[in-house]
Every structure is written in structure tokens, then in C-alpha cells.
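Reading through the C-alpha cells given below for one structure.
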Amino acid sequence: MDVTEENLATLANYLQQTLNPDQNIRRPAEKFLESVEVNQNYAILLLHLIDKNNYDNTIRVAAAIVFKNYIKRNWPIEEDGVDRIHMADRVSIKNLIVNLMLKSPEAIQKQFSDAVSIIGKYDFPEKWPTLIPEMVEKFATGDFHVINGILRTAHSLFKRYRYEFKSQKLWEEIKHVLENFARPLTDLFVATIELTQKHASDVQALRVIYGSLVLICKVFYSLNYQDLPEFFEDNMPIWMPNLLRLLQVDVPNVDDGDDDNPGLMERLRTEICECVSLYALKYEEEFLPYSSGFVTAVWNILLATTQKAKYDMLVSNALMFLAKVAEKNCYKGLFEDPSTLSSICEKVVIPNMEFRESDMEIFEDNPDEYVRRDIEGSDVDTRRRAACDLVKSLSQHFEDKMMNIFGQYVQLMLEKYSASGGAEWRGKDAAVYLVTSLASRGATLAAGVTRASPLVDLGQFAANHALPELQRPNLNELPVLKADAIKFLMTFRSLLPNELLLTAFPLLVEHIRGAGVVCTYAACCAEKLVAGGMVRRAELAPHAAALLAALFAALPDHCTPEQHNEYVMKAILRTLACLQEEALPYLGEALPKLARMLSVVAKNPCKPHFNHYLFETLSLAVSLVTKSNPNAIAAFEDALFPIFQEILQNDIQEFMPYVFQMLSLLLELRGGAGGGAGEAYSALLPCAVAPALWERAANVRPLVRLLCAYVAVAPNLVVNSGKLNAILGVFQKLIASKTNDHEGFYLIQTMLYKFGQSVMQPYTKQIMTLLFQRLSSSKTTKYIRGLIAFLGFYAVQFGADPLIDLIDSVQTNMFAMYVERVLVSELQRVTGTHERRAAAAGCTRLLCTSAHLRDGSLAHLWAPLMQALIQLFELPPDESSLPDDHFVEVDDAPGYQAHYAQLACAKGLLDDPLAKIEDPKRDLVESLERMSRAHPGVLPPRLAALSAPHRAALAAYLAAHNVHLS
């Protein structure tokens, strides 16, 4: 694709069509662009189009978005994959993008900035050493449109330092950045602050300048996140006083916000609060000289801000700063005065905990968002969460004072609520949050709060203030307080008296019939009480009918996918899982509803958690019913297959891994019931080996599982349909992949176990050839573990000497090399119960049944192998890594990939080929006993060659199992 005016015009035309609301025009244009993106110069053509001012701005922005998505999909090179971008294009993109970005309008600049950060993630600094110098030299232009573009790019490039794990590579990258960027950034910071004075009367200029300061603070935060760089530590006398001054300065004319959206000064103060919170938390000693000034400035900000939404992020970050300071012993003198604590409670904490009109709007109009903030913790940036965190931090050091002072406010708010007949409900809402914050000392996701202050009687508070709200006969009265009461029970479930929770349980069932947030909280709380064992099967059974009726009523047939409630579906799943066979009376009515839901969500799979719990529930229901009535499998297939067929035909990527797992389960259950594979399964087998399905990472594991189910349940179908070679081709692809080689071992082991030598013998030499080729080309820890375990399985299943002969047929003396270089030296790396058992059992067969090791050419390896096996038993696994241990992360896979999620209720039913070997040590000593009887005199010299510690360990095994060697 040459860069010509004709090609530019054609590209612009297709881009214009991608903006058309008519999908009959839009989709073909999108498909065309996808088809030509592999051509050389495609990306360069996009960049030239974006650079042309004579094209409409909407087309240029569309081109920038297409370019960014092209980079996102194609810049990473997949493991075992081809580079989809020509090398010349990669070089040209990096040469052009920075300058083009800086002269583009802001909407395009943002897309380029994201693209630079994606390229930087893979190429910076090793393959793009010129990037930072090129960016820094632009600071000298004095053009703030250009400077802000550079700062925006720097922020996009460096912000991953905030969340990436420490590693040598990361340290080297940050060191490179600091050496080249820290001084210019600091100089720019000082110069920009000077410009605020110089242009004090030019509002337009000030907006640009203060916008730069916001970006500078973002970059400063990222560069300081991992550790305190020496440069910034040395220059704290420049940064800290200037940040403090910016926190205190007021420039009302530059305000570009409104009551709902923060203005420029709010955004700047928010960023500064975040930076100093980082220093207060991580670099307390260095920050100590500046802490008092910042605490005073932040306190004044909190007193000056109102309840307007525009201040929400600023207030949240300001409270977060005070919370971080209050956590540290060295700062506690700033807060210990009781009058200070009282002032914090009255003027800061309670006003920011209060339920606002904006909260009520979300509670009533967008319950999903309210739940996300409140239960799931996405409210980390809200005033209420920050106020709670401040209370928790202060309680660590001043528990008695806090309980005394804050307790008075709690009592006052509760009394006002009681006296008002419910009118002052906002006060009680704040009181419940305050008590929760004061009492909580430690929590886990599974159990809620597990440690609480001994100064708070949680049971009494729940009985007096939570249960009464749930006992109101009107389900819709004071819904916020009902939600608070349910959340209190849920939060402290591990610490509340069990009889109180059992009293509350039927009330929760009733409230599932409520609306919005209350329904969700009640379902969530009921699920957690069952999951945590507070409500056991015997206690759940009397309420099961009412509970399931309420839960299904909360998911009516007319629900759209967007309205489906994941907490309700999870509660259904948990209830059925707890009831087990006692759930059977309810499944007849439930299953058609579940199938209808699946049919609905398949058309628009927009809620991943709901979808997962739905598939889990269906899998559990199938397992429970067929366990009771094996012949019911046909009814499930009739109900589910049409929906599965629709999902597969419409290529609904999110659901395909689930469908493959459920098909595996149904096929295995059909086999367990004595039925072979029906026509539908026969028709599906060619699809299961189609290469296109295997290209998606999320499909690999469930497809392997499905193929194993075919092999186990319908081996004749696999052989007679001629698909055995295709499945072996899948094995070959899997074993070559560092990401999926373990799946290859699982597949070939199942094939050997189920088909046996009668079918597999013609292929075994080629299988071993592939395994050892991969061993020589790429020896990762995961592959070594898999190979040792697999060859151990083979030795147990087919004999030790046949294994040795097979491997030596690939290459003379190869088995000896394998034992010396892999088995003996790397056996300790094997992890996992099944893998270690297979490895141990395989070693035992080699040691006790192989003629080659007993008196053949491999006899010299007997003692080293026995010592390695004893070390496997006696020592912890070796967790060190091998040089080739680098894996492609799923997130790095280009383009959209539906993530694989295993269904716990649809786990494989295939039998374990080594189940008879329950205790590998016992297996060893009993095998040695048989060997000593069959070959007298062979063992004593072998055992004498072992080191003393190894002999002692083996003697202990023999004594433990009462085995005596002759």
C-alpha cells in the first residue's frame, strides 16, 4: 500500500463509512480495514492521513483511533506467532509518531499518547532509546501545546510504574528514565511556576500553565511510586515547598469546571494531595520536616470545600492524605489532642460520611453502580470511603479517645433518629458507617471483618439497630437504612452471634423480594452466610423453597441481560450447592428458567459474573439430577443443545469456553450412564479440532477437556471418524507452546491411557520425538515438570523397559542422557500432588522393574536415581527458575480475547490412571521387596552405594510400612 493521494482518499472513504450508524454500511467498512491492516505501509498511510489538514477532523480522529487499536492489536508479537507489522513499518512509526503527535489537535494527541505508551511497554527503552531524549528536547520549545503533549505522553508511558511488580528490568528502565528525565522535569516544574507569576493577569495563559502543572504532578507521582529516587530526595527542598504553595494558592479566574465537574485548581490540588500521600506513606522520614505544613494546608482545604460534587475527588484525596499521616507513629503528635479529634469528627468525618442527594440518585436510579461502589469497593475515591479510612487510621493510635469522642456523636445521631420517627434517617446512616469504621480491625474477602475493637459490642448494636430495620413490615420503608442493616450483618458476620444471624436469615429472604439495592444486598448477605457456614444445610432446608422462589422472582423472564443481577444468581448457585440432593424438588421448576436465561444472555453477554454463575448453576443442576437419575441426561441435551448451537454458530466468544466445558460434562455423564456419543456429539467432533477455534487462548483448555471426554467416552467414534490424526496434530501444536504445553501432556496422557498400545503404538515414537525436540529447543521449568510426570505415567502404564527402548529408538543412548541431565538433576522441580505421584511412581518402576537399570547399560544410574527419588520425598520442591522461563501473559495477547474461566461445577469426571498408588513411599518399599525376592543379591550393593542420609531415610520408609528386604 503505497502512500498516494488515491490510497489516502480510499482510506478516508472507508473511515467515513465506519462512522455510519447503519451497520450494513459500517460493518463492511470495518471488515475491509481489518483485512488490509496486514499490508505493509498501512499504518504509515493512516499517519499521513491524520497529518493532512485538508481532511475533515472527524475522519482524522477516526483514523487516530483506528491507528491506536491497530497498535494495541498488532505491536506485541505472540509466542509462536508471526510479526504482523513489517519491520520497516515499526521503524517508521517510531520515527514519525512523536513529532506528529505534538502538532496534532488534542483529541488526536490523546490517541497518539496511548499508542506511544503501548509501543513503549514493549520497546522502551531497549528498542527505542531515542524516545526520552526526543521528548526532553521539546521542553525547550516553550510551546505549551507541545510541552503538554510530551507530559501527557510521559504520564501515559510511566503510569504503569504505579502497579507493576518490582523486577530488575523495571528498575533498569526507571533508572534510565530518571537519568534522562528527572532533571528536565524539575527544571520545567520551577519554570512553569515562575510563569504563573509572569502571566498572573492572562487567564487564558494561566489555564494552559496550570494544566501543565497538573500533568507534571501526575508524572512526578509515577516516577516516585516504586521507590524514592535519589534525585528527588535531593531536590525535596525544591518540590515540597512549591507543592505546598500550589496547594494554598487560589486562582478563581482559571476555573473551568461546574458544580459537578472539578475545575483546574481542584484537579491540581487533587494531584498534589495524591503525591504527598505517597510520601507520607512510603517515605515518612524524609517527608517529616514538611508534614506539619501539608496537614495544615489540607485541613484548611477540607474546611473550605462544600458538598458539591466538583470537590469529591479533592476531598477524597485530602482525607486519604490525613489517613496516611495518621497511620504513622511519627506523625501521631499532630492528632492526639482530644479537641483536634473532636474537630475532625464534627467538621470533617461526619459531613463527608453523610448520605447526599447525589447518593440517593444513584441508590434509586442506578442500583448497580451503588452496589459496585459500596460492596465491591469501587468507591475508593469517594468521600465516604476516605472518611471511613481516616477513622480507621486514627483508631489504631487513639482507640479509647476515639470511642469516647466519636461514640458521643454516634449516640446523638441515633437518638435524633429515634426521636424524629425516622425523619433523621441520614444521621442513623452516618452512625452505622461510623460504628463500622471504629470497630473494624482486620478483614478478609471470604469472612468479612475478622478482628474488631473490644470496645464495641457488635451483637448488641446489631440487635438494637440493624434487626429492627429488617423487621419493619413495609419492605420499601427507609430502604437506605435497610441496606445499611443488611451490610452491617454481612460485614461482621464472622463475629456476630450465630443465633442472631439465624434470626435474620428469614428476614433476608423477605428482603430479596424488595427492590434495587435492598434486593441485591439481601441476596449477597444470604449467599455469604451460607458460604461461610453460618447457615448450614439443616438450617437452610426449611427456608429453601421461600429463598429460591424469592431469588428466581428477582430474575423474571422479561429481564434484559443488562438487568440481570449477578448477586442473585450467585445466591442461587450457593443455595443449590449447599442443599445438594435436597435441591432436587426445586430443580424441575428452576431448570427451564435457567435455560431461558441462558438463551437471553447469549444474545447480549454483557455481565460476565452473572454469566459465569449461570453456567456454574446449570452445570451443578445437571450433575445433581443425573446423579439421581442418569437417564435425565437426554432431557438436558434437548434443552441446552439448541442454545449451545446458537452460541457456536454466532461465534459468541465469551460463552464458547463455557459451552465446551458443559459439553464435556454432558458427554462424560452420558458415558457414565452407559450411553455412547449420540449424533450431536458425532457432528461436533470435526468442529472441536478445527484450527480456527484453537487460535483463541480462552478456548484451549476447555477444548482439550472436550477432546479428552471424546477419547474417554467415545474412543471408537474418534478412531472411526478418522480424527485421531487431527487430535495428534493438536497435541503437536500444544506441546510446542510454552503457554499450553501442560495441556498437551494432559491430552496425550489421556489418549495413551484410554486407547492403549493397540491404537497408539504406531504413533508413540513420533510422540517421543516431538517431546525431546521441544526439550532440546526450550527447556522451561513447567515443561520439565510435565515431561517427568508424563514419562513417569508411561513407565507405570506400559512398563519401564518399553519406555527406555522407545526413547532409545528415537536416538541411541537418549534415555541415559535424559536420566542424567533431566530426571536426576531436575526431579526436585516437580510440583503438584498428581505430578509428584506420577514422577515418584515412574522412578520406582525404573528402579525396581527395569532390566536396563538392574544389570544392563544403565546400572550405574540406579543409585543417583534412588537418591533423587528420596530427595523428592524429603525436601521441599525446588522453586528456582530456568533460563527459558518466560511466558506470554494472557493480557499481552493482541486483540480481544475472552478469558478462560473454569467451571468448578463442571470439573472432569475422568478417572485417575494412578489412583491405585495412594502412597508413593509405600509403593517404593513394596516394589523393592518384590525386586529383592525376584533378584536376590542385587539390592545390597546398590543400597550400600547410597549416602548415609539417603540410606537412613529409606530405612525409615521400610520400617514405617513394615517391609523387610531379603
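Each reported figure results from applying straightforward, stated rules to the coordinates on display, with no laboratory input. Remember, it's a predicted structure, so these values are computed and weren't measured experimentally. Quick reminder, even Gly has a Cβ in these numbers, built from the backbone with ideal geometry, and neighbours come from all protein chains shown.
Say the dipole of the chain comes from +1 at the beta carbon of Lys and Arg and -1 at that of Asp and Glu; which of PRO542, PRO941, PRO686 then lies farthest toward its positive end?
The residue sitting most towards the positive pole is PRO941.
Can you figure out the FRET efficiency of ASP855 with THR812, using R₀ = 35 Å and their beta-carbon distance, to the nearest 0.05?
Using R0 = 35 Å, I get an efficiency of 0.95.
How long is the gain from ALA635 to SER758 if the chain were fully straight, where each residue apart is worth 0.36 nm and the alpha carbon distance is subtracted?
Computed gain between ALA635 and SER758 is 40.7 nm.
For helix 57-74, what angle does its Cα long axis make with the longest principal axis of the chain, in degrees from 0 to 90 and rounded to 10?
30 degrees
Could you work out the helix-only [θ] at 222 nm for the chain, with each DSSP H run of four or more residues adding -39,500 (n - 2.57) and the total divided by the number of residues, to the nearest 500 deg cm²/dmol?
Only helices count here, giving -22000 deg cm²/dmol.
Below 14 angstrom from the Cβ of ALA538, what's the summed charge of the other residues (Lys, Arg +1; Asp, Glu -1)?
So the surrounding residues net to -1.
In debye, nearest 20: dipole of the chain around its Cα centre with unit charges on the Cβ of K, R (+) and D, E (-)?
Rounded to the nearest 20 debye, it is 2060 debye.
In terms of modelled amide H atoms, which long-range or inter-chain residues lie less than 5 Å from the amide H of ALA443?
Correct list: THR450.
Taking neighbour Cβ counts within 10 Å as the exposure measure, how do CYS273, CYS905 sort from fewest upward?
With the fewest neighbours first, CYS273, CYS905 line up as CYS905, CYS273.
Tell me the label-point distance for the pair ALA934, LYS347, using the 7 Å Cα-to-Cβ offset, in nm and rounded to one decimal.
8.8 nm
Among [x] 0.98; [y] 1.12; [z] 0.94, which one is Cα Rg over 2.2 N^0.38 Å computed from these coordinates?
[y]
Using the Cα gyration tensor of the range 1-123, with a ≥ b ≥ c the square roots of its eigenvalues, what is the shape: rounded (a/c below 1.5), prolate (a/b larger than b/c) or oblate (neither)?
Note, shape of the range 1-123 comes out oblate.
Calculate how steeply helix 566-579 sits against the longest principal axis of the alpha-carbon atoms of the chain, using the helix alpha-carbon long axis, and give the answer as 0 to 90 degrees to the nearest 10.
40 degrees
Taking amide hydrogens as modeled 1.01 Å from N in the peptide plane, which residues meet the under 5 Å criterion relative to LEU882, leaving out close sequence neighbours?
Residues meeting the criterion, in which the H sits 1.01 Å from N, are THR781.
Are any of the pairs LYS159/LYS738; LYS324/LYS401; LYS68/LYS738; LYS627/LYS907; LYS324/LYS347 more than 21 Å apart by Cα-Cα distance, and if so, which?
From the list (LYS159/LYS738; LYS324/LYS401; LYS68/LYS738; LYS627/LYS907; LYS324/LYS347), the Cα-Cα distance tops 21 Å for LYS159/LYS738; LYS68/LYS738.
Which loop trypsin sites (Lys or Arg not before Pro) in the range 572-669, with loop taken from DSSP, have no more than 16 other Cβ atoms within 10 angstrom of their Cβ?
LYS603
Using the Kirkwood radius over C-alpha pairs as Rh, can you work out the diffusion coefficient of the range 344-479 via Stokes-Einstein at 25 °C, viscosity 0.890 mPa s, in µm² per second?
Approximately 155 µm²/s, per Stokes-Einstein.
Normalised by the residues of the chain, what does the relative contact order come to in percent, with Cα pairs under 8 Å and at least six apart?
About 6 percent, as a whole number.
Mind listing which GluC sites (Glu not before Pro) in the range 468-556 are in a DSSP loop and have 16 or fewer other Cβ atoms within 10 Å?
Filter output for the range 468-556: GLU477.
Compute, for the range 1-123, the length of the dipole vector about the Cα centre, with Cβ point charges of +1 (Lys, Arg) and -1 (Asp, Glu) only. Units Debye, rounded to 20.
Using Cβ point charges on Lys, Arg, Asp and Glu, the range 1-123 gives about 340 debye.
Quick one: net charge around ASN148, please, counting Lys, Arg +1 and Asp, Glu -1 for every other residue with C-beta under 15 Å from its C-beta.
It works out to a net charge of +3.
Give, as a single signed number, the net charge of other residues whose beta carbon lies under 13 Å from the beta carbon of HIS834, with Lys and Arg counted +1 and Asp and Glu -1.
Overall, the nearby charge balance is -1.
With unit charges on the beta carbon (Lys/Arg positive, Asp/Glu negative), name the residue among GLN40, LEU8, TYR122 whose Cα is farthest towards the positive pole of the charge dipole of the range 1-123.
My answer, from the dipole projection, is TYR122.
To make sure I understand, if each residue's beta carbon is the centre and we count other beta carbons within 10 Å, what order do MET402, MET236 fall in, fewest to most?
Listed from fewest to most nearby Cβ atoms, that is MET236, MET402.
Listing CYS525, CYS578, CYS388 from the residue with the fewest other Cβ atoms within 10 Å to the one with the most, what is the order?
Neighbour counts put them in this order, fewest first: CYS578, CYS388, CYS525.
Positive end of the charge dipole of the chain (Lys, Arg +1 and Asp, Glu -1 on Cβ, about the Cα centre): tell me which of LEU666, SER104, TYR210 has its Cα farthest that way.
Value: LEU666.
Can you tell me the dipole magnitude for the range 759-854 around its Cα centre, using point charges on the Cβ only (Lys, Arg +1; Asp, Glu -1), in Debye to the nearest 20?
Here the size comes out at about 320 debye.
What is the angle, in °, between the Cα long axis of helix 87-102 and the longest principal axis of the Cα atoms in the chain? Nearest 10 is fine, range 0 to 90.
The angle comes out near 10 degrees.
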